[in-house]
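**Student:** One structure coming up, written as structure tokens, with questions to follow.
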Amino acid sequence: MLTFGRLLTFKNLIMRKTVFLCSFLLALSASAEKLIKTTPETFLQDLESVKQAVQNQSEDIVVELKGGTYTLTQPLTLDEAYSGRNGHKVIFRAAQGETPVISGGVRVTGWQHVSGPLYKAPLKSNEKLRSLFVNGERCRMAGGRALEKGMGTVDSVEIKGTEPWALGAGKNVDGIKFMVGKELNLFRNPEDIELVQKRVWSEKIICVRDMEKWGDTIVVRLQQPYGYIVNSLGWAAKLKPLGGDFYVRNAYELLDEPGEFYFDRKEQMLYYYSRGENMAEAEVIAPVSQGLLRIHGSSLKSRVENLTFEGLTFSYDAWNLMEVAGSHGFCGIQSLGLSVKYIPDGNWHPHKYNNCDVPEGAVDVQNAKNIRFERNNFLHISAGAGVCMMNDVQHSQVIGNRFMDMSGTSVVVGHPQHYEIGDGEGKYSPEVEGLCQYINVSNNYVRNVCLDFRQIEGMIAFFVANCNFDHNDIQYTPYGAIAVGWGWGNAKTPPCKLAKKNSISYNKAGYTHQFLHDGGILYMLGHQPGSVLNRNYLFKGPRCIYPDDGSAGWRINENVVDALSQLWYHLASDRNYDIIAKDNYVKDNRLIDNGTGTKVLNTHAFRNTDFSDAAKKIMSEAGIEPAYRDIIPAEEPAIIHLYPEFPAEAWHD
């Protein structure tokens, strides 16, 4: 007889078996995937298979990349046709134990000895070559050993204000005068020359179009209209043509030190001043592809979705600076908000930063959702950013990657023009423009970044919402480590209403500001209600936590700042408000707090003693989490310098 007790036992058995069966089926469903194995030889053909496979997708599609070099001459573009569908992903993953390299470089061979340590080899390209790598080591453009002092300007030019690159009428100049010197004279290819000038927190790269000799004077004429744009900047970014110091580079005549190169486009010949390598055997890579990967949707209603990239190496892209009407250069009043429009008085605030643009990254993402980069290497990068999520990127992650040996920053999120969304002004049409939000940038290892573009921080965000920059390890930057936000208190325009609920937490950052001044290790800007800066470990840098003019909405809690004789907290403007700093641990309790209604509460100072156990716990938990610590190299990478060491600019905090 089946008793009531036995009935319950039987029912329980059936229920347990049913639960087990459901769990098994769910696990089987979750692990089901379509595998497409690919090699450098079959990769492009296999991508077509991906487009076909997503049409009726019922499982994740894994594109397994075998080790080797996947050479590109132009960026790989993944549009909506490659999106994962029906709740499934398309995963580009390295084969286990192998290293696939997505490379935009070509190998240069056929080296001939010229004289001494100088060699040459043919290279077919019509573009300026700004980066070169020999046996995996970055080289630098041939440059002077001394700074050249500007002697003023030449030739006033009238700008009507109707030009597509102008936001008003005004006057500007066509060139800069220098004295003829030991290193500065007429160069055979003036269109290759770059002038570099730094001032406080900014550094401009100005491209030349021609040179003339007037007695003992050299007149350097700038590429226009970018030269006009550079010369119209405001504040400390303003060009100083009279009495200012300039570094001159990229001329054959300056090729005289080991590790320098020059590419003569007219001859189609690459010259290299050897460090002692055997050039018959050396691996010499010249970047040629202007970018590596483009994940670009078409609009807010047509995004690229559900792509993941795991275990890949991205290397050897090319970038030839910002381009405006055929002229080139790199300039901006601050960070990676680069100027592409002429403003007569240099004041960008009334224009809502529509004079600014952000360069595409080596990997560039726009109009996209659920994009994930995990455990990749970004190495030997020439672009302004390794990963750029510029416009309308949502619910995406950059997690557990290594960013090393890069001309620019590791990651940039958002755009300066997102002060307003959908206004139809500036770069984006209303159906394309979207805020970047719900993005997680965490557990990344960042070293030797911003090597060429030194006015930008190690990680950057503009107007963004619900974005986390947490658990990163960033050290040895020429400027700051992380900057989040945009829009100043002195702008005389209402604060942006879009930026909010961002996090800069649990980071390990130090040895910053190796070259430029002002700024902070962690830098915030603009109105960002509901944002937090918590439990970071900061060391060896100035103005360690810096909410700049107009910052608001931050809670700054339980950070450890180990920086003697430096401001651990720099809140200089009375236009800052709604900021509370509480329970922070500092080695030196130096601070400025001029905010309106802002508070600094319960700071713990350890000037002559060890940090407390509570502080040490924060220090140990900051930076990369245990699950990703295997990405940290066994030894700290050697510091890379692309510029000669010139006398430091005087600066007092």
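**Student:** Would you confirm, using the coordinates I've provided, whether residue 173 is in contact (Cβ under 8 Å) with a residue 40 or more places away in the chain and surrounded by fewer than 20 Cβ atoms within 10 Å (Cβ to Cβ)?
**Tutor:** Yes: the conditions hold for residue 173.
**Student:** Can you tell me which residues in the range 135-156 are part of a strand (DSSP E or B) and either open to solvent by less than 20 Å² (accessible area, probe 1.4 Å) or among the hydrophobic types (A, V, I, L, M, F, W, C) (or both)?
**Tutor:** The answer is 138, 141, 143, 150, 151, 152, 154.
**Student:** Using the structure shown, decide if residue 132 is within 22 Å of residue 219 (Cα to Cα), open to solvent by less than 10 Å² (accessible area, probe 1.4 Å), out of contact with any Asp or Glu (no Cβ under 6 Å at 6 or more places or on another chain) and touching a residue at least 12 places away in the same chain (Cβ under 8 Å).
**Tutor:** no
**Student:** Which of the residues spanning the range 326-346 are assigned to a loop (DSSP other than H, G, I, E, B), closer than 20 Å to residue 130 by Cβ and open to solvent by 10 Å² or more (accessible area, probe 1.4 Å)?
**Tutor:** If the condition is that a residue be assigned to a loop (DSSP other than H, G, I, E, B), closer than 20 Å to residue 130 by Cβ and open to solvent by 10 Å² or more (accessible area, probe 1.4 Å), then 326, 340 are the ones that fit.
**Student:** Looking at the range 352-448, what strands (runs of 3 or more DSSP E) fall wholly within it and have at least 2 residues that are open to solvent by less than 10 Å² (accessible area, probe 1.4 Å) and more than 20 Å from residue 136 (Cα to Cα)?
**Tutor:** Qualifying strands (runs of 3 or more DSSP E): 363-374, 385-399, 409-413, 436-442.
**Student:** Could you check the range 497-514 and list, in sequence order, the residues that are closer than 18 Å to residue 485 by Cα, part of a strand (DSSP E or B) and either of a type in the set (Asp, Glu) or open to solvent by less than 30 Å² (accessible area, probe 1.4 Å) (or both)?
**Tutor:** Within the range 497-514, 503, 504, 505 meet the criteria.
**Student:** Could you grab me the full set of residues in the range 92-106 that are over 22 Å from residue 132 (Cα atoms), part of a strand (DSSP E or B) and either free of Cβ contacts under 8 Å to residues at least 40 places away in the same chain or open to solvent by 10 Å² or more (accessible area, probe 1.4 Å) (or both)?
**Tutor:** 93, 94
**Student:** I need the full set of residues from the range 515-538 which are in contact with a helix residue (DSSP H, G or I) (Cβ under 8 Å, 6 or more places away or on another chain) and not in a loop (DSSP other than H, G, I, E, B), in order please.
**Tutor:** Matches in the range 515-538: 537 only.
**Student:** Here is a further query. Would you check if there is a residue in the range 195-204 being at negative phi, free of Cβ contacts under 8 Å to residues at least 24 places away in the same chain and open to solvent by 30 Å² or more (accessible area, probe 1.4 Å)?
**Tutor:** no
**Student:** I need a count of the residues in the range 606-624 that are more than 34 Å from the chain's Cα centre (by Cα) and of a type in the set (A, V, I, L, M, F, W, C).
**Tutor:** 1
**Student:** Kindly indicate which of 293, 270 is touching a Phe, Trp or Tyr at 6+ places or on another chain (Cβ under 8 Å), modelled with pLDDT of 95 or more and within 17 Å of residue 69 (Cβ to Cβ).
**Tutor:** 293
**Student:** Oh, and also: Regarding the range 52-71, can at least one residue be identified that is in contact (Cβ under 8 Å) with a residue 40 or more places away in the chain, open to solvent by less than 50 Å² (accessible area, probe 1.4 Å) and either within 30 Å of residue 267 (Cα to Cα) or among the β-branched types (Val, Ile, Thr) (or both)?
**Tutor:** Taking every residue of the range 52-71 in turn, none turns out to be in contact (Cβ under 8 Å) with a residue 40 or more places away in the chain, open to solvent by less than 50 Å² (accessible area, probe 1.4 Å) and either within 30 Å of residue 267 (Cα to Cα) or among the β-branched types (Val, Ile, Thr) (or both).
Yes or no, residue by residue, for (1) modelled with pLDDT of 95 or more; (2) of a type in the set (Gly, Ala, Ser); (3) farther than 27 Å from residue 647 by Cα:
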{"residue": "457", "(1), (2), (3)": "yes, no, no"}
{"residue": "465", "(1), (2), (3)": "yes, yes, yes"}
{"residue": "476", "(1), (2), (3)": "yes, no, no"}
{"residue": "486", "(1), (2), (3)": "yes, no, yes"}
{"residue": "520", "(1), (2), (3)": "yes, yes, no"}
{"residue": "530", "(1), (2), (3)": "yes, yes, yes"}
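**Student:** So which pairs qualify, if the first residue must be in the range 580-600 and open to solvent by 70 Å² or more (accessible area, probe 1.4 Å), the second must be in a strand (DSSP E or B) and aromatic (Phe, Trp, Tyr), the Cβ gap must be under 8 Å, and the two must be at least 6 apart or on different chains?
**Tutor:** Final answer for the pair search is 596/577.
**Student:** Another question about this same structure. If you scan the range 280-302, which residues turn out to be assigned to a loop (DSSP other than H, G, I, E, B), under 29 Å from residue 453 (Cβ atoms) and in contact with a strand residue (DSSP E or B) (Cβ under 9 Å, 6 or more places away or on another chain)?
**Tutor:** 282, 283, 288, 289, 291, 292, 297, listed by residue number.
**Student:** Would you mind finding the one in 573, 565 that is small (Gly, Ala, Ser) and open to solvent by less than 30 Å² (accessible area, probe 1.4 Å)?
**Tutor:** That would be 573, the only listed residue that is small (Gly, Ala, Ser) and open to solvent by less than 30 Å² (accessible area, probe 1.4 Å).
**Student:** Sticking with this structure for a sec: Restricting attention to the range 81-120, which residues are under 12 Å from residue 306 (Cα atoms), more than 25 Å from the chain's Cα centre (by Cα) and of a type outside the set (Ser, Thr, Tyr)?
**Tutor:** Hits for the range 81-120 are 81, 84, 85, 86, 87, 88, 89, 90.
**Student:** Just the residues that are of a type outside the set (Lys, Arg) and either open to solvent by 20 Å² or more (accessible area, probe 1.4 Å) or under 30 Å from residue 227 (Cβ atoms) (or both), please, taken from the range 303-323.
**Tutor:** If the condition is that a residue be of a type outside the set (Lys, Arg) and either open to solvent by 20 Å² or more (accessible area, probe 1.4 Å) or under 30 Å from residue 227 (Cβ atoms) (or both), then 305, 306, 310, 311, 316, 317, 318, 319, 320, 321, 322, 323 are the ones that fit.
**Student:** How about the range 261-302: which of its residues are of a type in the set (A, V, I, L, M, F, W, C) and loosely packed, with under 15 Cβ neighbours inside 10 Å?
**Tutor:** 280
**Student:** Any residue that is on the phi < 0 side of the Ramachandran plot, of a type in the set (A, V, I, L, M, F, W, C) and part of a strand (DSSP E or B) - is there at least one of those in the range 125-132?
**Tutor:** No, because not a single residue in the range 125-132 is on the phi < 0 side of the Ramachandran plot, of a type in the set (A, V, I, L, M, F, W, C) and part of a strand (DSSP E or B).
**Student:** Which of (1) within 26 Å of the chain's Cα centre (by Cα); (2) closer than 27 Å to residue 401 by Cβ is the odd one out, the single condition residue 558 does not satisfy?
**Tutor:** (1)
**Student:** Follow-up. Test each condition in (1) under 27 Å from residue 345 (Cβ atoms); (2) outside any strand (DSSP E or B); (3) of a type in the set (Gly, Ala, Ser) for residue 480 and report the one that comes out false.
**Tutor:** Failing condition for residue 480: (1).
The values are calculated or read from the model by the stated rules, or taken from the named source; none is laboratory data. Treat the numbers as computed from the prediction; the structure is a model and nothing was measured. Every residue, glycine among them, receives a Cβ derived from its backbone with ideal geometry; neighbour counts consider all protein chains shown. Side chains are part of the model used for accessible areas, which takes the heavy atoms of the whole protein and leaves out ligands, DNA and RNA. Shrake-Rupley method; radii C 1.70, N 1.55, O 1.52, S 1.80 Å.
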